[in-house]
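The structure under discussion appears below in the form of structure tokens.
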Amino acid sequence: MTMNFMTGLIAVVIGGIYLVTTMLLPQMRMGDRLGPKLFPAVVGVIAFVSGIILMIQDSRKGKASKKPDFGFVKNKNLWLKILLTTVVGIAYGLVMDSLGFILPTTLFMLFISMLINKGRFVQNLIVALCFALISYGVFAVALKLSLPRGFIEQMLPF
């Protein structure tokens, strides 16, 4: 199995799972008939089709890529950062409903920026807090979109 074939297979599996879970979203009864399904469905189809195309192209004679080596040993720090980001991202999604938007977003952005921009806690904290507050202001206040409201958001006058 080559690198391109393995990458295509991963894209097919993830795109397929993404597409199936998109179809499990509830049907909208009011407003836009397409609802929240259109964009995720397009992403799932594109990932699935791209993976199939990559696998087909790699299986042609003389076009095969090199043997798969994702560099887990050589780049273990990078893969550790990717794993930590994934775990923290999942935790972020799980606690957002109960804690609201501002606190989990600030903590998530602080964690990610500390991975990328080590040793600058104050700068990272300011960026994380500004990102969360500006995002909340734009989406919840200006655009009047529904974001999870936690104890911090309950204290806000709007």
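The values are calculated or read from the model by the stated rules, or taken from the named source; none is laboratory data. What you see is a predicted model, and the numbers here were worked out from it, not measured in a lab. Please note: Cβ atoms are built from the backbone with ideal geometry, for glycine as well, and neighbour counts cover all protein chains shown.
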Is the stretch 137-145 home to any residue that is of a type outside the set (Ser, Thr, Tyr), in contact (Cβ under 8 Å) with a residue 40 or more places away in the chain and assigned to a helix (DSSP H, G or I)? no
Consider VAL88 against the criteria (1) touching a helix residue (DSSP H, G or I) at 6+ places or on another chain (Cβ under 8 Å); (2) not in a helix (DSSP H, G or I): it satisfies all of them except one. Which criterion is unmet? (2)
Do we find that VAL122 is modelled with pLDDT of 95 or more and over 20 Å from the mean Cα position of the chain (by Cα) in this structure? yes
Cβ contacts < 7 Å: first residue under 14 Å from ILE112 (Cβ atoms), restricted to the stretch 70-90; second residue of a type in the set (Val, Ile, Thr) and surrounded by 13 or more Cβ atoms within 10 Å (Cβ to Cβ), any location; separation 6+ or different chain. Result? THR85/ILE112
Scan the stretch 103-119 for residues that are more than 12 Å from TYR92 (Cβ to Cβ), of a type outside the set (A, V, I, L, M) and either in contact with a helix residue (DSSP H, G or I) (Cβ under 8 Å, 6 or more places away or on another chain) or touching a residue at least 60 places away in the same chain (Cβ under 8 Å) (or both) and report the count. 2
